[in-house]
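I'd like to ask some things about the structure below.
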Amino acid sequence: MSRYQSKKFITFILMFPPFIEMPLTYVFSGLIILLSIVGFYYKPLYNKLVYHPFEVFKGNRLHTLFTSVFLHKNWMHLLFNIYLLYIMSKDIEYIILEKNYSQVQIKLIWFFILAFGTVSINLVTGWIYRKDVSHTTIGASGIAFALTAFSILYLPLDHLKRKHKFIPLYYGYEIFLAFLIIFICLMLIYRKNSKSNHKAHFFGLIIGSLLAIVFRPTLITEIIYHLKSRW
């Protein structure tokens with residue numbers, strides 16, 4: 001095996017820490033994969049878990065505010081979401097919180113972000129479609145983007161190993177702002193018709209960033225002082 005191949009293999013192995021290090025990420029990711037695949041072929045399960053805002057805002061099927069995260073419309077939808085969710089969930093449960101919180105606190109914070117983020121995103125986006133009888137929602141896109149926002153904004157001055165020649169983004173808060181601008185534009189362009197739920201992506205970024213501020217409010221002053229130093 002060449003040195004290059006060895007580095008790639010080591011990098012791949014490091015992507016999957018032992019189960020005991022991040023059990024919540026593994027269990028949650030596994031459930032999404034399992035239930036999504038079953039939902040592809042077994043419609044009674046799909047119908048049981050799918051989020052239907054029209055019904056929820058009439059007080060029915062409240063469990064679907066959370067359970068819809070376990071369903072996906074196709075393999076591409078599932079693979080993209082599970083990759084993004086796993087990487088960002090791993091970052092939160094395994095890396096960025098360990099200097100500020102104990103392992104028990106980290107697990108509780110992770111669970112709170114997941115539960116609150118999923119339900120609140122569905123409530124906000126569902127309110128928009130609450131009078132649309134035909135509208136349903138599935139997928140982990142919203143919470144995946146909430147975890148992304150939390151992960152990159154929690155340490156806003158964390159940066160890439162080296163600046164990219166063509167993309168003028170280096171620090172975490174710059175990347176977050178870029179994501180935010182992109183999805184605002186997508187929401188405006190596709191505000192009426194779009195195959196992707198850009199509203200869920202956008203509100204996921206907002207909720208994830210607010211949760212990052214709640215658990216580490218000093219990030220605001222860090223960004224302000226850093227911007228002043230650049231000016």
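The values are calculated or read from the model by the stated rules, or taken from the named source; none is laboratory data. The structure presented is a predicted model; accordingly, all values stated were derived computationally and were not measured. These area figures cover heavy atoms from the full protein model, side chains too; ligands, DNA and RNA do not enter into them. Shrake-Rupley method; radii C 1.70, N 1.55, O 1.52, S 1.80 Å.
Sum -39500 (n - 2.57) across every DSSP H segment of at least 4 residues in the chain, then divide by the residue count to get the 222 nm mean residue ellipticity, nearest 500.
-21000 deg cm²/dmol
By accessible area of protein heavy atoms, probe 1.4 Å, what ranking do 90, 43, 228 get, highest first?
Numbers: 90 30, 43 105, 228 125 Å².
Putting 90, 43, 228 in descending order of accessible area: 228, 43, 90.
Limiting things to C-alpha atoms, what are the Rg and the maximum Cα-Cα separation (Dmax) for the stretch 92-173, in angstroms?
16.7, 49
Roughly speaking, to the nearest percent, how much of the stretch 82-156's 1.4 Å accessible area is carbon and sulfur?
The computed percentage sits at 67.
If you roll a 1.4 Å probe over the heavy atoms of the protein chains, what accessible area per residue do you get for the chain, in Å²?
For the chain, the solvent-accessible area averages 60 Å² per residue.
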